[in-house]
Amino acid sequence: WRGQDGSVTLGGTPATVIGGVYGYTVVSDFGALEATVMGEVWRTYRPGLPGWSGTMQARFHMGEGQEHLLETVTGLDPAGTLAEVRITINDQNDPTPGTRYLSGAVVITGVSIAAELMNIIEANYSFQGSGPLTLTWPVTP
């Protein structure tokens, strides 16, 4: 599996492929609730609620879906603060491309745009999952 064969899409019908993406990270975590009481000599914990978040790195393009992300973060599109995202994981030899992905609702929580002399402008987006993160991974013979 190689990152170059994947894609990131943002909700809607049809979904918008976000152009210029060159990297992403999705982190799933489970909270640990401390349950230690007086008299115990070791800390004890109980499972908390699961959650997830992530980041996406892209070469900056106005168009190709990135304008919607910017409008959401800057408040120009407040109705779009919750969006459906799909991160597709493909392989060049995959017999059924586009069928393996992570998906869920996200709140776009931030964006940073960076420019350097003699380099392409970059945009880094952060998002917080809202609800479950779904893994779709059909088994192929």
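What to note about this one:
- Site pair Glu34 and Thr99 shows an inter-label distance of 4.8 nm when each label is modelled 7 Å from Cα along Cα→Cβ.
- Sites Arg46 and Val107 - FRET efficiency at Förster radius 30 Å, r taken between beta-carbons, to 0.05: 0.65
Here, each number is a calculation from the coordinates, and none is a lab measurement. Keep in mind the model is a prediction, meaning the values are calculated, not measured. Cβ sites come from the backbone with ideal geometry, for glycine too, and all protein chains shown count toward neighbours.
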